[in-house]
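Worksheet for the structure shown next.
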Amino acid sequence: FYMGGEVDEDFWEDLEDTLVMGDMGGELAMRVADDLREQAARENLTRADQLRDALAKRLAQEFRTADRDPFEDVPSCVLFVGINGAGKTTTVGKLAGRARDEGKSCLIGGADTFRAAAIEQLEVWGKRAGVDVITRERGADPASVCYDVVEEAEKRGSQLVLIDTAGRLHTSSDLMRELAKVVNVTRKRCTSMPVTVVLVIDATTGQNGLAQAKEFNDALDLDGLIVTKLDGTAKGGIALAISDQLGLPIYRIGVGESIDDLETFDALDFCRALVGEGK
Amino acid sequence: MFNSLSERLQDTFDKLRGKGKLTEADINVAMREIRMALLEADVNFRVVKDFVASCKEKCLTAEVLDSLTPAQNVVRIVLDQLTELLGTTESKLVLAQNRTPNVIMLVGLQGSGKTTAAAKLAYLLKGQGHSPLLAACDTHRPAAADQLATLGSEIGVPVFRGDGKDAVKVASASIREAVDHLNDIVIVDTAGRLQIDEEMMQEAVAIKQAVKPDQILMVVDAMTGQDIVNVVQTFAERVDFDGVIMSKLDGDARGGGALSVRAVTGKPIKFVSMGEKPDSLEVFHPDRMAKRILGM
Ligand SMILES: Nc1nc2c(ncn2[C@@H]2O[C@H](COP(=O)(O)OP(=O)(O)OP(=O)(O)O)[C@@H](O)[C@H]2O)c(=O)[nH]1
Ligand SMILES: Nc1nc2c(ncn2[C@@H]2O[C@H](COP(=O)(O)OP(=O)(O)OP(=O)(O)O)[C@@H](O)[C@H]2O)c(=O)[nH]1
Ligand SMILES: [K+]
Ligand SMILES: [Mg+2]
Ligand SMILES: [Mg+2]
């Protein structure tokens, strides 16, 4: 029924493939494409570019917007959690650099006392950003580190506290319990400013990202997301699925390994990339 | 969230059962379920298309259509096809007999698990009586050499850091170091890189030329989504790796990327990594992987 327009069956197939290829998930992609078909019929949209534009706009509305920016609205204490290698430590470094540029007094907490050289890595980032790192020796209790960090931040009157935690798989119940303790201790101890818990997620993650986010959310009651590695060719569609299902805002996106490679999230840009430009 | 593929197919066929003999249309319905299951497992959608088409052909035989247990038959066909595609034999490390030291080089995206895998390989080889040397050729990530040095000291394997500045120079010097210290295998850890980062891909090629590895292994995160084909295709073209280590399989990711890697590059999966500890590297079993992908 798309007579006269440029849109044909190939268009719909291509669109669905593009969405699947962007890691949105097969079922969500199909549902979205079906909805768009109805919208197209209703609003008499016949050109491919019109349809893609309409879709990007509608998807962009799916993202919840943040009531509060935990990196701007200070004082603020933020914990970074997520699975191994997602980009937590790097993101802490970038945000510390940004805070320092903006003249905010910032303090970094190193609560990854588990991974080999996690502390050394964070200290390099602290130096790059010109921000002090509070931590303990490898093997120390991470919850105690958080206690120290908050105490020190209150003493100094720091405006932004960024706490790095060890990567862990959501399926490891011991490690998830340990992390819940870290978060709870911080929430309890930190009475002088709001505590935000951010899940860091790698844009190359596939459908498992949803299970990850659900488990972290159940254990920690997450506040929002940061999506990293969007400088690659992965579109990060799983972030849409997560944000949609769990109602979590995306605070920032990571677009490289350097200190400046962090951007604010633009839902429409993100969705335009996800929907593609067609052939 | 979803039932296993077997249950889903059983449901599908139960609904069709009333009609007697199955038809091609019924098989198409089953194939749609299989397509969804594979996409949920992160098999690349192009790979899914080809795979489902070839499965469909095999399912359209009298044996399946007339069977009293069509769901089981379809699942068996899919499972066999998947296992075959994943590689029919266990793949192991291939070391040259007439060269000392042997060189194994690791490559991959950022955070995929290369440095950890380097230590795991060293631990495995040490246990087999080898005397490995770890070469810290990631001169980009903050404290990458410290990380490798820490892991090396935990497993009692020496780590060569060189000047810590030029990855290619460190790589070349590590071979001389191994010769001087009678290490029979050098394991070269490299920086994480995006396949579209031309400068970094050139560095990987330069390291390769400097150390002439016997084996280049690409470390791929089991949680990787659809983009895996773009990544492994470019790494295969530029660096031409020999096999894959699939990491982080201790989680609940289905790891459909394993199928995509095989289908797109033809390279075998050699090991799977099941944790952060040095002893968590395991041999790859195609049949187990096939069941995992299908959620069985
Ligand atoms: N290309 C790219 N690489 C990134 C980005 N963010 C982080 N990385 C890289 O990804 C790798 C892992 O980053 P980390 O910050 O160490 O990740 P993590 O979550 O702290 O890892 P663990 O502490 O081991 O769980 C490093 O090589 C980083 O340089 C990004 O936005 N783009
Ligand atoms: N659970 C689990 N974690 C793993 C596995 N392999 C590696 N990791 C963890 O994943 C994170 C990243 O591993 P690395 O070895 O640093 O990864 P890499 O590829 O060297 O990272 P870059 O050098 O930054 O590119 C670390 O926290 C590791 O402990 C695995 O099989 N299972
Ligand atoms: K991208
Ligand atoms: Mg870290
Ligand atoms: Mg590394």
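Of the residues A:E6, B:E198, ranked by 1.4 Å probe accessible area with the largest first, the sequence reads A:E6, B:E198.
Beta bridges from DSSP with both residues in region B:160-296: antiparallel share about 25 percent, rounded to the nearest 5. Averaged over the residues of A:112-122, the number of partner chain Cβ atoms lying within 10 Å of the residue Cβ comes to 5.
Counting only DSSP beta bridges with both residues in the protein assembly as shown, the antiparallel share comes to about 10 percent. Packing, taken as the mean count of other beta carbons within 10 Å per residue, orders the peptides A:34-41, A:154-161, B:141-148 from highest to lowest as B:141-148, A:154-161, A:34-41.
What number, in percent, do you get for the relative contact order of region B:161-256 if the mean sequence gap of Cα pairs under 8 Å and at least 6 apart is divided by its residue count? Relative contact order here is 26 percent. Within region A:195-279, DSSP assigns beta bridges of which about 25% are antiparallel (rounded to the nearest 5). Taking every protein chain into account, the 1.4 Å probe leaves B:S260 with about 0 Å² of accessible area, to the nearest ten. The calculated FRET efficiency for the pair A:E72 and A:E43, based on their C-beta separation and a Förster distance of 56 Å, comes to about 0.90.
Considering only protein heavy atoms and a probe of 1.4 Å, how much of the accessible area of the protein assembly as shown is carbon and sulfur, as a whole percent? The partial results should precede the final answer.
On the way: 11040 of 23440 Å².
Roughly 47 percent, rounded to a whole number.
The mean sequence separation of alpha-carbon pairs under 8 Å and at least six residues apart, normalised by the residue count of chain A, gives a relative contact order of 26 percent. Using a probe of 1.4 Å, the accessible surface attributed to B:R46 totals some 130 Å² when neighbouring protein chains are kept in position. Candidates B:N44, B:P132, B:A71 compared by Cα position along the dipole of region B:1-134: farthest toward the positive end lies B:P132, with charges placed on Cβ. Averaged over the residues of A:22-32, the number of partner chain Cβ atoms lying within 10 Å of the residue Cβ comes to 3.
Surface exposure of region B:138-278, expressed per residue as accessible area with a 1.4 Å probe, stands at 35 Å². With every protein chain in place and a 1.4 angstrom probe, the accessible-area ranking of A:H170, B:H140, B:H130, largest first, reads B:H140, B:H130, A:H170. Based on C-alpha pairs under 8 angstrom that are at least 6 apart in sequence, chain B has a relative contact order of 25 percent. Modelled this way, with points 7 Å down the Cα-to-C-beta line, the labels at A:E151 and A:E102 are 2.9 nm from one another. Take each peptide in B:67-79, A:80-92, A:98-110, count the other Cβ atoms within 10 Å of every residue, and average; sorted highest first, the result is A:80-92, A:98-110, B:67-79. For the peptides A:226-237, B:108-119, residues were scored by their other Cβ atoms within 10 Å and the scores averaged per peptide; the highest-first order is B:108-119, A:226-237.
For an R0 of 56 angstrom, estimate the FRET efficiency from the Cβ-Cβ distance between B:T23 and B:A96 and round to the nearest 0.05. Before the final figure, lay out each step's value.
Values: r = 56 Å, r/R0 = 0.99.
Computed FRET efficiency for B:T23 and B:A96 comes out at 0.50.
Peptide B:138-149 shows a mean partner chain C-beta count of 5 within 10 Å per residue C-beta.
The values are calculated or read from the model by the stated rules, or taken from the named source; none is laboratory data. Nothing here was measured: the structure is a model prediction, and the numbers come from that model. Every residue, glycine among them, receives a Cβ derived from its backbone with ideal geometry; neighbour counts consider all protein chains shown. Each accessible area value is taken on the protein alone, full model and side chains, heavy atoms only, with ligands, DNA and RNA left out. Shrake-Rupley method; radii C 1.70, N 1.55, O 1.52, S 1.80 Å.
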